[in-house]
1. Could you list all residues from segment A:132-149 that are within 21 Å of A:Lys209 (Cβ to Cβ) and either in contact with an Asp or Glu (Cβ under 6 Å, 6 or more places away or on another chain) or not in a loop (DSSP other than H, G, I, E, B) (or both)?
2. Counting just the residues of segment A:120-131 that are touching a helix residue (DSSP H, G or I) at 6+ places or on another chain (Cβ under 6 Å) and at pLDDT 90 or above, which one comes out nearest to A:Glu194 (Cα to Cα)?
3. May I ask you to say which residue of B:Leu314, B:Leu326 is more than 14 Å from chain A (Cβ to nearest Cβ) and open to solvent by less than 30 Å² (accessible area, probe 1.4 Å)?
4. Could you list, in sequence order, all residues of segment A:113-125 that are open to solvent by less than 10 Å² (accessible area, probe 1.4 Å) and either without any contact (Cβ under 8 Å) to a residue 40 or more places away in the chain or over 22 Å from the mean Cα position of the chain (by Cα) (or both)?
5. I'd like to check something: does segment A:327-339 contain any residue that is within 24 Å of A:Asp81 (Cβ to Cβ), part of a loop (DSSP other than H, G, I, E, B), not assigned by TED's automatic domain parsing to the domain that holds A:Lys124 and not aromatic (Phe, Trp, Tyr)?
6. Cβ-Cβ below 6 Å, separation at least six or inter-chain, first residue in segment A:198-217 and within 24 Å of A:Pro174 (Cβ to Cβ) and in the same structural domain as A:Phe184 (by TED's automatic domain parsing), second open to solvent by less than 50 Å² (accessible area, probe 1.4 Å) and not in a helix (DSSP H, G or I): which pairs?
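The values are calculated or read from the model by the stated rules, or taken from the named source; none is laboratory data. Bear in mind that the values here come from a model prediction, so they are computed numbers and not experimental data. Positions of Cβ are generated from backbone atoms using ideal geometry, with glycine treated the same way; all protein chains shown enter the neighbour counts. The area values use the complete protein model at the heavy-atom level, side chains included, leaving out ligands, DNA and RNA. Shrake-Rupley method; radii C 1.70, N 1.55, O 1.52, S 1.80 Å.
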Amino acid sequence: MRSHQLALVAAATFALTGVVCAQSARDYISVVGSSTVYPFTTAVAEQFGKSSRFKTPKVESTGTGGGFKLFCAGVGVQHPDINDASRKIKPSEIETCAKNGVTDIVEINIGFDGIVVASSKKTKPMPLTIKDLYMALAKEIPDPATGKLVANTTETWQDINPKLPPNRIEVLGPPPTSGTRDAFVELVMDKGCESVDAIKELEKTDSKKAKAACQTIREDGAYIEAGENDNLIVQKLVANPKALGIFGYSFMEENLDKIQGETIDGVTPTFENIADGKYPISRPLFFYAKKAHIGVIPGIKEFIVEYTSEKAMGDEGYLSQKGLIPLPQAKRKQVAADANSLKTLAP
Amino acid sequence: MSKPNATAVPTASRDIKTIVNATLKRRHAAERRFRWYGLLAISLGLIFVLLMFGNIIGKGYPAFWQSYIQLPIKFDAAILDPEGNRDPHAIENADYAALVRTGLRALFPNVEGRVELRALYALSSSDAPLELRQQVMAHPTLIGTEQEIWLLASATVDTFVKGNIDRQAEEDHRPIKDNQIGWIDQLQATGKLKQRFNTILFTSGDSREPEQAGIRGALMGSFYTLLVTFLLSFPVGVATAVYLEEFAPKNRWTDLIEVNINNLAAVPSIVFGLLGLAVFINFFGLPRSAPLVGGLVLSLMTLPVIIIAGRAALTSVPPSIREAALGMGASKLQMVGHHVLPLAMPGMLTGSIIGMARALGESAPLLMIGMVAFIVDVPKSFLDPSTVLPVQIYLWSDLPERAFVERTSAAIMVLLAFMILMNGLAIILRKRFERRW
């Protein structure tokens with residue numbers, strides 16, 4: 001009796017497995033990856049779905065790292081075709097990809113994203129430098145007298161730079177899980193501590209420790225982790241005019257009547273300044289495509305061509321209206337040509 | 001002396017009375033205080049609910065209206081059907097954007113220059129040409145005629161008309177330019193710009209253009225997901241509850257199972273998402289982003305809730321009913337099927353509806369299985385990629401365009417309406433069918 005029941009259960013389980021394993025072929029492009037690139041890829045996907053005979057691609061917002069994990073898991077319809085990235089692919093990720101048979105990867109640089117440090121329009125603008133930001137936000141800074149690294153106890157901007165107003169240091173920014181935070185750390189904190197002698201000393205003996213000293217953001221309330229949602233930071237800035245906020249350029253562009261971007265090293269965060277590369281806190285955005293899927297999943301090549309067309313990522317393209325900072329023209333031509341020939345990453 | 005003394009024996013009744021009288025005031029005061037605490041707690045809760053509803057409805061209700069511009073559209077045969085043979089293929093691929101542009105220029109004949117014209121064309125939505133195409137495809141007789149047609153305005157115009165862009169701000173600091181404001185004022189003065197009920201919000205899928213974005217896709221995704229959840233978790237949950245309550249022997253094994261079920265009900269939902277990713281997608285090879293997988297994951301989450309509610313409903317059926325049925329010669333299965341289960345069913349349904357309402361509002365586990373995605377096409381089956389309502393809210397809240405703020409709140413309102421509906425249904429079921437002994 002009991003073995004009879006067991007056999008029945010086993011048979012049912014096998015039947016279920018058999019049914020669900022019959023996976024249907026995918027006829028739409030699957031994109032995963034960065035939430036920073038998401039607003040741009042979705043715009044291209046929608047346009048592509050409307051104007052071509054292919055289905056609208058599915059765009060998942062998984063974060064850059066999470067996206068690479070899925071992208072590198074293998075070749076086949078169950079794996080995504082394209083990964084959006086707010087940074088370049090890491091060597092370790094290329095390795096993982098290769099281990100799972102994903103070898104021919106096409107890298108496309110779509111443009112730039114500026115990271116702005118902004119405040120409410122109700123306050124006077126504060127001309128900041130990268131060094132000021134580093135000194136205000138690092139957990140440990142060099143003591144002005146001895147040059148040794150000590151815990152950061154600065155309270156007002158004036159403590160850091162006598163030219164700045166005596167406002168309390170209060171910066172709203174993204175949490176460590178965010179790509180924007182990674183980029184901020186790389187572009188501001190790392191650069192800010194390049195000129196610090198104590199860290200140069202440390203670099204010689206223990207480079208890991210030096211890196212940590214540069215990249216650790218203070219935890220005593222001066223830097224407030226305000227969540228991944230940039231809209232929320234904008235709203236909080238309006239409510240608290242004394243605070244500064246860190247977020248993507250496209251959010252500032254949409255809210256220019258409420259907030260202003262601070263000048264960094266004397267450069268204002270405008271569309272032109274970021275495009276020219278004058279504004280120091282900007283990063284390139286990419287997407288990566290799996291060459292092995294071209295011809296298997298319909299429309300990938302056409303999607304890449306649409307993405308790299310002048311109509312999309314050109315100076316007046318629809319992506320620039322969504323806040324993407326376009327590449328310089330010469331670089332754009334190069335990218336479009338590489339996209340057309342599906343040039344893969346050098347192994 | 002009246003000094004109290006332990007050895008003295010005063011009249012007992014008077015002593016108790018004084019003691020009671022002495023403390024009575026304090027006890028009454030304590031009770032009054034307690035009532036006040038209760039009232040305070042409830043009003044605090046109500047204030048928060050009102051604040052939340054007020055905030056969401058205040059932000060979201062304008063999203064149910066959408067600006068349209070009335071344009072004189074000349075369905076020029078030279079553009080739509082140059083060959084003159086009404087070939088559907090040629091008509092489909094004609095340049096409808098040109099019709100919209102001509103219409104806008106006809107309203108504002110003085111506008112000249114590339115930059116100015118671009119600003120003028122930006123007043124209408126990129127959906128306008130598609131709308132015209134649809135109309136012409138449906139009624140080819142339109143070709144050659146001239147009609148006044150209401151077309152979708154762009155999100156910037158809509159946001160401005162609703163007063164969400166500060167007119168006084170400097171020109172560089174707002175997304176709408178001075179000349180555009182002039183045109184909008186002119187359109188409004190002549191009655192050619194109007195707010196209409198926003199049907200698009202309910203009839204179309206997601207879009208990156210706020211004025212074209214709708215929640216239909218997310219609603220259908222939620223519907224399929226919940227259907228899978230219900231079909232799986234309700235029968236399995238009820239069967240488990242009946243077996244554990246009526247048939248299973250009470251021993252260490254069933255105790256262990258009970259502890260585990262109670263444990264599962266308290267596991268954070270993201271864990272079920274990870275499980276779903278590992279089992280359904282990686283092992284069974286089901287497609288990512290499918291409502292089928294979402295439903296499977298959510299039914300894992302809902303099952304313990306249904307089982308616990310089901311068992312509570314079964315225990316509330318008095319043993320006399322079981323004994324009477326058995327005494328009349330019914331078998332155990334007949335006793336359960338004919339008497340106990342029908343009496344326990346309202347309680348079980350209430351529990352299931354509450355569990356389903358929780359599943360409807362869940363987004364964290366769906367993150368892991370790829371349902372946090374931009375999907376334009378409305379899903380038509382359990383395997384089509386789709387998203388669900390709470391995820392749509394999350395995705396919209398993170399977009400830079402200001403017009404998405406009100407749409408986010410509108411989507412929250414729709415979700416809340418469904419929640420209230422489901423929870424209300426649960427209360428009605430309980431009130432009407434539940435029997436008390």
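1. A:Tyr134, A:Met135, A:Leu137, A:Ala138, A:Glu140, A:Ile141, A:Pro142, A:Gly147, A:Leu149
2. Looking at residues that are touching a helix residue (DSSP H, G or I) at 6+ places or on another chain (Cβ under 6 Å) and at pLDDT 90 or above, I get A:Ile130.
3. B:Leu314
4. Across segment A:113-125, the qualifying residue is only A:Ser120.
5. Looking through segment A:327-339, at least one residue is within 24 Å of A:Asp81 (Cβ to Cβ), part of a loop (DSSP other than H, G, I, E, B), not assigned by TED's automatic domain parsing to the domain that holds A:Lys124 and not aromatic (Phe, Trp, Tyr).
6. From residues that are within 24 Å of A:Pro174 (Cβ to Cβ) and in the same structural domain as A:Phe184 (by TED's automatic domain parsing), the pairs are A:Ile217/A:Tyr223.
Residue-wise test of (1) in contact with a Leu (Cβ under 6 Å, 6 or more places away or on another chain); (2) at pLDDT below 90; (3) buried (at least 24 other Cβ atoms within 10 Å of the Cβ); (4) within 14 Å of chain A (Cβ to nearest Cβ).
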| site | (1), (2), (3), (4) |
| --- | --- |
| B:Leu367 | no, yes, no, yes |
| B:Met371 | no, no, yes, yes |
| B:Phe374 | no, no, yes, yes |
| B:Asp377 | no, no, no, yes |
| B:Pro385 | no, no, yes, yes |
| B:Pro390 | no, no, no, no |
| B:Tyr394 | no, no, no, yes |
| B:Ala411 | no, no, yes, no |
| B:Ile428 | no, no, no, no |
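For (1) assigned to a helix (DSSP H, G or I); (2) of a type in the set (Val, Ile, Thr); (3) within 14 Å of another protein chain (Cβ to nearest Cβ), each residue gets a yes or a no:
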site	(1), (2), (3)
B:Ile73	no, yes, no
B:Asn85	no, no, no
B:Val100	yes, yes, no
B:Gly103	yes, no, no
B:Ser126	no, no, yes
B:Val136	yes, yes, no
B:Gly144	no, no, no
